[in-house]
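Chemist: Before anything else, here's the structure in question.
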Amino acid sequence: MPNIVIPKLVGSRLRAAELAEHSLPRDLTGQMVEVDASSLSSAAQSFADELCKQVLELRNADFLSVHHATPRFGQHLSASARLRGMPERLNVDIRVA
């Protein structure tokens, strides 16, 4: 199962594309991608949107599961998945303070 670990600060589409390029194969059909956001302090909406795009749309993963997300990052991811018509392919676990 492919995994991504998100660093403490991420703020751009380019950073999300770079993480995907270095961590994931180009075709994820039939696979679930696990994301560890436990180190994340701050992420821009554009990063979250590009992460959803890279994993669910361009690489065609069946499911994106994000663990230990901040509430704001979880909201950004959910909004992106809804706008892309893929909310059922995303699961976000919000970290407990």
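Chemist: Looking at the stretch 53-68 only, could you name the residues that are more than 12 Å from GLU34 (Cα to Cα) and buried (at least 23 other Cβ atoms within 10 Å of the Cβ)?
Modeler: Selection gives GLN54 alone.
Chemist: Got a sec? Which of GLN31, GLN45, GLN75 is closer than 18 Å to MET1 by Cα, of a type in the set (S, T, N, Q) and either in contact with an Asp or Glu (Cβ under 8 Å, 6 or more places away or on another chain) or surrounded by fewer than 17 Cβ atoms within 10 Å (Cβ to Cβ) (or both)?
Modeler: Checking each option against the conditions leaves just GLN31.
Chemist: Determine whether SER65 is of a type outside the set (Phe, Trp, Tyr), under 12 Å from the mean Cα position of the chain (by Cα) and at pLDDT 95 or above.
Modeler: Taking the combined requirement at face value, the residue satisfies it.
Chemist: Confirm whether GLY74 is farther than 21 Å from GLU18 by Cα, among the small types (Gly, Ala, Ser) and either touching a helix residue (DSSP H, G or I) at 6+ places or on another chain (Cβ under 6 Å) or at pLDDT 95 or above (or both).
Modeler: no
Chemist: Does LEU40 satisfy being under 9 Å from the mean Cα position of the chain (by Cα) and surrounded by 22 or more Cβ atoms within 10 Å (Cβ to Cβ)?
Modeler: no
Chemist: Out of all the residues in the stretch 18-37, which are within 11 Å of the chain's Cα centre (by Cα) and within 11 Å of VAL55 (Cβ to Cβ)?
Modeler: If the condition is that a residue be within 11 Å of the chain's Cα centre (by Cα) and within 11 Å of VAL55 (Cβ to Cβ), then LEU19, ALA20, VAL33, GLU34, VAL35 are the ones that fit.
Chemist: Is it the case that the stretch 50-70 has a residue that's without any contact (Cβ under 8 Å) to a residue 60 or more places away in the chain, of a type in the set (Asp, Glu) and assigned to a helix (DSSP H, G or I)?
Modeler: Within the stretch 50-70, the subset without any contact (Cβ under 8 Å) to a residue 60 or more places away in the chain is 50-70.
From the residues that got through so far, the ones that are of a type in the set (Asp, Glu) too are 50, 57, 62.
Among the residues that remain, those that are also assigned to a helix (DSSP H, G or I) are: 50, 57.
Yes, there is a match, as at least one residue in the stretch 50-70 is without any contact (Cβ under 8 Å) to a residue 60 or more places away in the chain, of a type in the set (Asp, Glu) and assigned to a helix (DSSP H, G or I).
Chemist: Is it the case that LEU19 is in contact (Cβ under 8 Å) with a residue 24 or more places away in the chain, assigned to a loop (DSSP other than H, G, I, E, B) and in contact with a helix residue (DSSP H, G or I) (Cβ under 8 Å, 6 or more places away or on another chain)?
Modeler: On the way: in contact (Cβ under 8 Å) with a residue 24 or more places away in the chain: yes; assigned to a loop (DSSP other than H, G, I, E, B): no; in contact with a helix residue (DSSP H, G or I) (Cβ under 8 Å, 6 or more places away or on another chain): yes.
Criteria not met by LEU19.
The values are calculated or read from the model by the stated rules, or taken from the named source; none is laboratory data. If you're wondering where the values come from, they're calculated on a predicted model, not measured in any experiment. Counting neighbours? That spans all protein chains shown, and the Cβs are built from the backbone with ideal geometry, glycine included.
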